[in-house]
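Quick notes on the structure that follows.
The values are calculated or read from the model by the stated rules, or taken from the named source; none is laboratory data. Keep in mind it's a predicted model, so treat the numbers as computed, not measured. Every residue, glycine among them, receives a Cβ derived from its backbone with ideal geometry; neighbour counts consider all protein chains shown. Protein only, heavy atoms only, side chains kept; ligands, DNA and RNA dropped before computing areas. Shrake-Rupley method; radii C 1.70, N 1.55, O 1.52, S 1.80 Å.
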Amino acid sequence: MSVERTLSILKPDVVANNAIGGVISYIEKAGLKIVAARMQHLTQREAEGFYAVHKERPFFGDLVKFMTSGPVVVMALEGENAVARYREIMGATDPKKAAPGTIRADFASSIDENACHGSDSLENAAIEIAYFFRATELCPRTR
Ligand code: UDP
């Protein structure tokens with residue numbers, strides 16, 4: 001087991017549904033600690049840059065449109081095996097396939113509007129955290 005950091009985005013559907021606190025309670029109950037957090041309304045360029053890996057996929061345009069449709073909450077999370085742990089509590093990409101009790105099962109309405117993002121590897125977590133936060137914005141949780 002090792003302490004890792006991962007990037008979480010609470011997508012515009014969560015913010016619009018007034019469910020920020022609901023999702024954060026799942027994160028905190030899972031033992032993950034928030035070490036940085038900010039609400040921001042992504043620009044088209046920021047969303048396209050973040051999801052550049054998907055730019056050839058058929059859903060790319062709709063994904064960027066959705067991600068820029070309202071504010072999101074970006075957070076860096078820290079904890080034991082944080083990358084895998086957060087993906088476990090997020091549930092499958094398609095909320096219809098997500099296990100009961102996961103964030104997507106409980107908060108998402110469709111595969112397009114699926115509540116949250118979580119980094120899929122430790123390597124991508126470092127890249128994605130740096131995409132949104134300066135090193136000085138990450139707050140060590142020592143207490
Ligand atoms: N997505 C979509 N339609 C699809 C597949 C993916 O809109 O058919 C969106 C969805 O918001 C997903 C994101 O693209 O969260 C990134 O896809 P990925 O396969 O990386 O899923 P994730 O890692 O978010 O579970």
Inset, instruction - Give me the aspartates and glutamates in straight-line cross-link reach of residue 97: C-alpha distance below 12 Å, same-chain residues under 8 apart excluded. - result: 106
Inset, instruction - Roll a 1.4 Å probe over the protein heavy atoms and report the accessible area of residue 113 in Å², nearest 10. - result: 80 Å²
Legend entry - Heavy-atom accessible surface of the chain: percent carbon and sulfur, 1.4 Å: 53 percent
Legend entry - For the chain: relative contact order, % (alpha-carbon pairs under 8 angstrom, 6 or more apart): 38 percent
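Is the shape of the stretch 3-135 rounded, prolate or oblate, going by the alpha carbon gyration tensor and its root eigenvalues a ≥ b ≥ c, with a/c under 1.5 for rounded and a/b larger than b/c for prolate? The partial results should precede the final answer.
Values: a/c = 1.40, a/b = 1.12, b/c = 1.25.
In terms of gyration-tensor shape, rounded.
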Legend entry - Per DSSP, loop trypsin sites (Lys or Arg not before Pro) in the stretch 33-96 with at most 12 further Cβ within 10 Å: 55
Inset, instruction - Working with all protein chains in place, sort 116, 139 by solvent-accessible area computed with a 1.4 Å probe, largest first. - result: 139, 116
Inset, instruction - Whenever you get a sec, line up 1, 39 from highest to lowest accessible area (probe 1.4 Å, protein heavy atoms). - result: 1, 39
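How large is the accessible surface per residue of the stretch 10-143, computed with a 1.4 Å probe and reported in Å² as a whole number?
Heavy-atom SASA per residue in the stretch 10-143 reads 55 Å².
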Legend entry - From phi via Karplus (6.51, -1.76, 1.60), per-residue ³J(HN,Hα) for the stretch 27-43 in Hz, x at Gly/Pro: 5, 5, 5, 7, x, 8, 10, 7, 10, 7, 7, 7, 8, 8, 9, 5, 7
